[in-house]
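Everything on this sheet refers to the single structure shown next.
The values are calculated or read from the model by the stated rules, or taken from the named source; none is laboratory data. Worth saying up front: this structure is predicted, and the values here are computed from it rather than measured. In this analysis, Cβ positions are derived from the backbone assuming ideal geometry, glycine residues included, and neighbour counts consider all displayed protein chains. Surface accessibility is based on the protein's heavy atoms, side chains included, excluding ligands, DNA and RNA. Shrake-Rupley method; radii C 1.70, N 1.55, O 1.52, S 1.80 Å.
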Amino acid sequence: IFRETLSKRGVRVITGLGKYFRQIDKKRNGLLSQAALKEALKVFHLEMPEGDFESLWLILDDIKSDKVDYGEFAHAIFGEMNEYRKAFVRKAYMKLDFNKTGSVPMVDVRKCYCAK
């Protein structure tokens, strides 16, 4: 039900939610508390009955750490990328990882990408 609600709301809400998560993530560890997730959903008018939220939390916090990873949240909501997008991401990564080290330092990203 939550996935359907998000898909009806559109890309702006989804990207806005991601931006909001990054803003409230003061430790920059990609983790959200239950209260932070609930507040974020409220800010974006994605409230749900408490029982549904508890079910969502149990699914997201499967290791019972009292935190959820934003990446896992996004994956749970949006699912796998389609093959076209995966191929595009691989191609972009190969271009960024020109030293073939398996990781891309931010300095290399800045050489190849301008957000302006």
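Structure above, values below:
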read-out: Single residue of the stretch 78-105 satisfying the filter (of a type in the set (A, V, I, L, M, F, W, C) and either within 19 Å of the chain's Cα centre (by Cα) or surrounded by 12 or more Cβ atoms within 10 Å (Cβ to Cβ) (or both)) that is nearest to Ile14 (Cα to Cα); value: Phe78
read-out: Residue under evaluation Tyr70, criteria (1) touching a helix residue (DSSP H, G or I) at 6+ places or on another chain (Cβ under 9 Å); (2) exposed (fewer than 13 other Cβ atoms within 10 Å of the Cβ); (3) of a type in the set (Ser, Thr, Tyr), criterion not met; value: (2)
read-out: Lone qualifier among Asp52, Asp62, Asp66 - being more than 18 Å from the chain's Cα centre (by Cα) and closer than 14 Å to Gln34 by Cα; value: Asp52
read-out: Candidates Leu31, Leu37, filtered to the one that is open to solvent by 40 Å² or more (accessible area, probe 1.4 Å), touching a strand residue (DSSP E or B) at 6+ places or on another chain (Cβ under 7 Å), among the aliphatic types (A, V, I, L, M) and in the same structural domain as Lys19 (by the TED database); value: Leu31
read-out: Top-ranked residue of the stretch 9-43 - restricted to ones that are assigned to a loop (DSSP other than H, G, I, E, B) and without any contact (Cβ under 8 Å) to a residue 12 or more places away in the chain, ranked as nearest to Ile77 (Cα to Cα); value: Gly10
read-out: Condition met for Glu47 (modelled with pLDDT under 85 and open to solvent by 50 Å² or more (accessible area, probe 1.4 Å)); value: yes
